[in-house]
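The values are calculated or read from the model by the stated rules, or taken from the named source; none is laboratory data. For clarity, every value in this text was computed on a predicted model and none was experimentally measured. As a convention, Cβ positions derive from the backbone with ideal geometry for all residues, glycine included, and neighbour counts pool all protein chains shown.
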Amino acid sequence: MSLPLVYKSGDCFINAFINKRNAYKDKDLKMVFGSVAFNGFFEYGGKDWGLKEFEARHTSGSYCWDAHAWLEDKDGNVYDKFFTFYNYSALINTGKVTAIPNNALFEGVSKTKAKALGVEYVPASRKVQRAIFMTAFKHISGVEKLLLSGQLTVAGFNGYVKPAEQMLVKMMV
């Protein structure tokens, strides 16, 4: 069994992990951790952050980091989703939205093109990426197992819910 493309706002580590291993499994993509800026403002991470800076914003024992995760192909092109919140962050912190429509899907977008549109992806060092992955692995692989087993289900393009919650949402619509 394979999962469809999954993007849930606020869960970039899970999104990248699951999509790499399922929806994009034939694309030979790599999972990348690092920083992302909207119109020059770094919402997650920072331009020149090393392990010291990432760790300063990390709570020991948590899988959460002040970082972003996305997928890249062999040429460094980005696979990610541009959530509505990102334009909100850009507007609040820079006074204008990016040139990217809310909820746009990046599939093979070059970092140069993304930056020209207002989004800058900066991969962290291998040491930082390894540290982040090692703390997040148990959680992100656990979510994948729950989805594959049916204990959680994909709820359209916006994330995942328990089957009973999905039924409630359908009944309310």
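May I ask you to verify whether Lys47 is part of a loop (DSSP other than H, G, I, E, B) and not aromatic (Phe, Trp, Tyr)? Answer is yes for this residue.
The conditions of being crowded, with 20+ Cβ neighbours inside 10 Å, in contact with an Asp or Glu (Cβ under 6 Å, 6 or more places away or on another chain), modelled with pLDDT of 95 or more and not hydroxyl-bearing (Ser, Thr, Tyr) are met by Trp70.
Could you please let me know if Asp28 is on the phi > 0 side of the Ramachandran plot and free of Cβ contacts under 8 Å to residues at least 60 places away in the same chain?
yes
Working carefully through the options Gly150, Gly95, find the one that is surrounded by fewer than 14 Cβ atoms within 10 Å (Cβ to Cβ), over 22 Å from Tyr79 (Cβ atoms) and modelled with pLDDT of 95 or more. Only one candidate passes the filter, namely Gly95. Going through (1) within 16 Å of the chain's Cα centre (by Cα); (2) closer than 28 Å to Ser2 by Cβ one by one, Ser110 falls short only on (1). Suppose the filter is touching a residue at least 40 places away in the same chain (Cβ under 8 Å), buried (at least 20 other Cβ atoms within 10 Å of the Cβ), hydrophobic (A, V, I, L, M, F, W, C) and in contact with a Pro (Cβ under 6 Å, 6 or more places away or on another chain); does Val6 pass it? No: the conditions fail for Val6. For the stretch 104-151, the set of residues classified as without any contact (Cβ under 8 Å) to a residue 24 or more places away in the chain and part of a loop (DSSP other than H, G, I, E, B) consists of Gly150, Gln151, listed by residue number. Residue by residue through the stretch 84-103, note down the ones that are assigned to a loop (DSSP other than H, G, I, E, B) and on the phi < 0 side of the Ramachandran plot. Of everything in the stretch 84-103, those that are assigned to a loop (DSSP other than H, G, I, E, B) and on the phi < 0 side of the Ramachandran plot turn out to be Lys96, Val97, Thr98, Ala99, Ile100, Pro101, Asn102. Taken over the stretch 35-69, the criterion of being among the small types (Gly, Ala, Ser) and either in contact with a strand residue (DSSP E or B) (Cβ under 7 Å, 6 or more places away or on another chain) or closer than 18 Å to Phe85 by Cβ (or both) is satisfied by Ser35, Ala37, Gly40, Gly45, Gly46, Ala67, Ala69. Restricting attention to the stretch 41-54, does a residue exist that is within 19 Å of Gly142 (Cβ to Cβ), among the charged types (D, E, K, R) and modelled with pLDDT under 95? No; the residues of the stretch 41-54 include none that is within 19 Å of Gly142 (Cβ to Cβ), among the charged types (D, E, K, R) and modelled with pLDDT under 95.
Quick one: would you say Ile132 is crowded, with 16+ Cβ neighbours inside 10 Å, within 22 Å of Leu5 (Cα to Cα) and not aromatic (Phe, Trp, Tyr)? For Ile132, the condition - crowded, with 16+ Cβ neighbours inside 10 Å, within 22 Å of Leu5 (Cα to Cα) and not aromatic (Phe, Trp, Tyr) - is not met.
Can you name every residue in the stretch 79-88 that is surrounded by fewer than 20 Cβ atoms within 10 Å (Cβ to Cβ) and more than 13 Å from the chain's Cα centre (by Cα)? Correct list: Thr84, Tyr88. When the residues of the stretch 1-17 are filtered to those that are among the aliphatic types (A, V, I, L, M) and farther than 15 Å from His68 by Cα, the one that is modelled with the lowest pLDDT is Met1.
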